[in-house]
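The values are calculated or read from the model by the stated rules, or taken from the named source; none is laboratory data. Bear in mind that the values here come from a model prediction, so they are computed numbers and not experimental data. Cβ placement follows ideal geometry from the backbone for every residue including glycine, while neighbour counts extend to all protein chains displayed. We work out accessible area using only protein heavy atoms, side chains counted, and drop any ligands, DNA or RNA first. Shrake-Rupley method; radii C 1.70, N 1.55, O 1.52, S 1.80 Å.
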Amino acid sequence: MKILQPKPFYFDNGPKAVLLLHSFSGTSNDMRLLGRFLERNNYSTYAPMFAGHGTSEPLDILEQGSPEKWWQQTQAAIQFLQKQQKTKIYVFGLSLGAIFATKALEEIPFVAAGGVFGSPLGSRGFKGIRSAFLTYAKKVYSIQQDLTDIEIDSKMRIVSSKIDAKLTEIRKTSVDVTNQLAEIKRPYFIGQGTSDKLVNPEAAPKVASAVKTSQLHLYNAGHVLTINHAHHQLESDVLNFLENN
């Protein structure tokens, strides 16, 4: 069975652009529904792929990716949209992407507004993210027909041995970004699922109180708001936010 590899997308439709940053075990595919919806409503949308992602080897994320690299990619993506002569640029991120979308709002003056979905900012532990990544890795290996059970177990042991160091790096970046939240003076959208098992849903209201310009939207849903049953509501809330900012 050939697995189709996800690809970044750029939907060019109008002078306003929305940059969409995906999650730690996700790809640009998690942003496609939202990207298409915004394109239909006259926004250009761009979802790049973070280093190490979108391959059939989960170890690539742990070995090729890093917060420094992902932040460089975020800045390069914003520069790409500037080169496309976009008059207004917004940045949104899901989970891992939320960290860099927020950092962009803290540090890059010409980002007009933006926000986060299922953000780890303000969450103390990353246990949920760790177990979700291991589940994801096991699933990816299991659908590769050329791998034996013994090879899968061996790969899973390597993933398990490397993930904690990567999560420590991500957590450090997350703490640094959380500590700068008061710097955000532009409109900041917070979308949070109330039954999120990967990040602590109770962190979202605390982040909202730290960012005076924030708008908090709670959904009766889990972590991946861009594709779970809350996605229609999220899309209309994001569009409403963009139209008013």
Please go through the range 20-60 and give me each residue that is under 15 Å from Thr173 (Cβ atoms) and of a type in the set (A, V, I, L, M), ordered by number.
Leu21, Ala51
Note on the range 184-234: residues among the hydrophobic types (A, V, I, L, M, F, W, C), touching a residue at least 40 places away in the same chain (Cβ under 8 Å) and in a loop (DSSP other than H, G, I, E, B) are Ile184, Leu198, Val199, Val224, Leu225, Ile227
From the option list Phe11, Phe37, single residue qualifying as under 19 Å from Gly191 (Cα atoms), hydrophobic (A, V, I, L, M, F, W, C) and in contact (Cβ under 8 Å) with a residue 24 or more places away in the chain is Phe37
Inspect the range 78-85 for any residue being in a helix (DSSP H, G or I), within 20 Å of Gln192 (Cα to Cα), modelled with pLDDT of 95 or more and open to solvent by less than 10 Å² (accessible area, probe 1.4 Å) and give the result as yes or no.
no
Would the range 97-115 turn up any residue that is among the β-branched types (Val, Ile, Thr), touching a Phe, Trp or Tyr at 6+ places or on another chain (Cβ under 6 Å) and surrounded by 14 or more Cβ atoms within 10 Å (Cβ to Cβ)?
no
Meets criteria (under 23 Å from His231 (Cα atoms) and not in a strand (DSSP E or B)) for Ala101:
yes
Pull up the range 21-57, narrow it to residues that are among the hydrophobic types (A, V, I, L, M, F, W, C) and under 14 Å from Lys7 (Cβ atoms), then point me to the one that is surrounded by the most Cβ atoms within 10 Å (Cβ to Cβ).
Met31
Residues (in contact with a Gly (Cβ under 7 Å, 6 or more places away or on another chain) and open to solvent by less than 20 Å² (accessible area, probe 1.4 Å)) located in the range 134-189:
Tyr188, Phe189
Name every residue in the range 190-209 that is aliphatic (A, V, I, L, M) and open to solvent by 40 Å² or more (accessible area, probe 1.4 Å), in order of residue number.
Leu198
Filter result (crowded, with 19+ Cβ neighbours inside 10 Å and of a type outside the set (A, V, I, L, M)) within the range 210-227
Ser214, His217, Tyr219, His223, Thr226
Filter result (buried (at least 20 other Cβ atoms within 10 Å of the Cβ) and either part of a loop (DSSP other than H, G, I, E, B) or under 14 Å from the mean Cα position of the chain (by Cα) (or both)) within the range 62-76:
Gly65, Pro67, Trp70, Thr74
